[in-house]
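Here's the structure, in structure tokens; my notes come after.
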Amino acid sequence: MSAKILIVEDEPAIQELLVFNVTQAGFEALRADDAEQAWEQIRDHAPDMILLDWMLPGTSGVVLARQLRSEARTKDIPIIMLTARGDERDKVLGLESGADDYITKPFSPRELMARIRAVMRRQLPTLSDDTVSIGGLELSPTSHRVTAKGMSIELGPTEFRLLHFFMTHVERVYSRTQLLDQVWGTQVFVEERTVDVHIRRLRASLEASGLDNLIQTVRGSGYRFSINL
């Protein structure tokens with residue numbers, strides 16, 4: 001499952017360059033020219049990372065970063081700020097606004113991808129092979145094993161990916177459409193009710209351990225994984 005990277009950049013040439021480099025590296029690129037379009041992409045596609053230009057028409061990148069950090073559903077999305085401002089005070093302001101990293105234009109594609117991967121290693125455990133442990137569950141991507149309170153749990157490939165996604169995106173509510181995009185991928189066309197079927201299967205597999213209630217239904221919105229019962 002490739003990560004989605006939202007590129008918020010109003011200069012067409014730079015946006016195209018960023019899209020090219022991101023897709024060449026195996027990520028899925030989403031585009032936005034301004035803050036309004038960025039919010040639309042976030043709502044519809046739940047990106048895993050945001051490349052955010054400082055100078056945007058209307059709402060600036062700094063203001064948008066602060067807004068993203070103030071919203072519960074977006075506060076944990078990694079942000080890399082892109083700007084021509086190289087002054088130390090500007091870098092500090094960008095980082096204090098909520099950015100996880102800061103790249104000064106012009107930058108090389110190699111530096112850009114190194115920064116992206118570094119932030120992802122820190123912020124996005126679903127892109128690594130690290131074992132994930134939370135709420136009595138332990139999941140190993142490399143061995144494809146899951147234990148619940150020490151009990152071995154057998155999961156199908158889709159339920160495994162779904163649980164891995166939930167365990168690395170705790171407390172965030174995802175709609176069925178967003179889960180389809182994140183777990184099944186945007187190139188797979190299945191009905192939204194498919195999500196409900198796999199959620200039921202996953203809960204059934206966890207029921208014997210009493211951890212099925214970690215996967216919560218949020219009426220009218222979707223599902224979330226929460227250890228706060």
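Table for the structure above
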| item | result |
| --- | --- |
| Pick from region 173-192, criterion in a loop (DSSP other than H, G, I, E, B) and at pLDDT 85 or above, ranking: farthest from the chain's Cα centre (by Cα) | Ser175 |
| Region 94-125, residues that are at pLDDT 80 or above, of a type in the set (D, E, K, R) and in a helix (DSSP H, G or I) | Arg110, Glu111, Arg115, Arg117 |
| Residue among Ser60, Ser128, Ser140 that is out of contact with any strand residue (DSSP E or B) (no Cβ under 8 Å at 6 or more places or on another chain) and at pLDDT 85 or above | Ser60 |
| Residue tally, condition in a loop (DSSP other than H, G, I, E, B) and more than 16 Å from His169 (Cβ to Cβ), over region 200-229 | 5 |
| Set Val195, Val170: member being under 18 Å from Ala46 (Cβ atoms), in a loop (DSSP other than H, G, I, E, B) and not assigned by TED's automatic domain parsing to the domain that holds Pro78 | Val170 |
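Residues are listed down the side, and each one gets a yes or a no for (1) touching a His at 6+ places or on another chain (Cβ under 7 Å); (2) surrounded by fewer than 18 Cβ atoms within 10 Å (Cβ to Cβ):
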| residue | (1), (2) |
| --- | --- |
| Gly150 | no, yes |
| Gly156 | no, yes |
| Glu159 | yes, no |
| Phe166 | no, no |
| Arg172 | no, no |
| Thr194 | no, yes |
| Gln216 | no, yes |
| Arg219 | no, yes |
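The values are calculated or read from the model by the stated rules, or taken from the named source; none is laboratory data. These numbers were taken from a predicted model, which means no experiment stands behind them. Because the Cβ atoms are built from the backbone with ideal geometry, glycine has one as well, and the counts that use them run over all protein chains shown.
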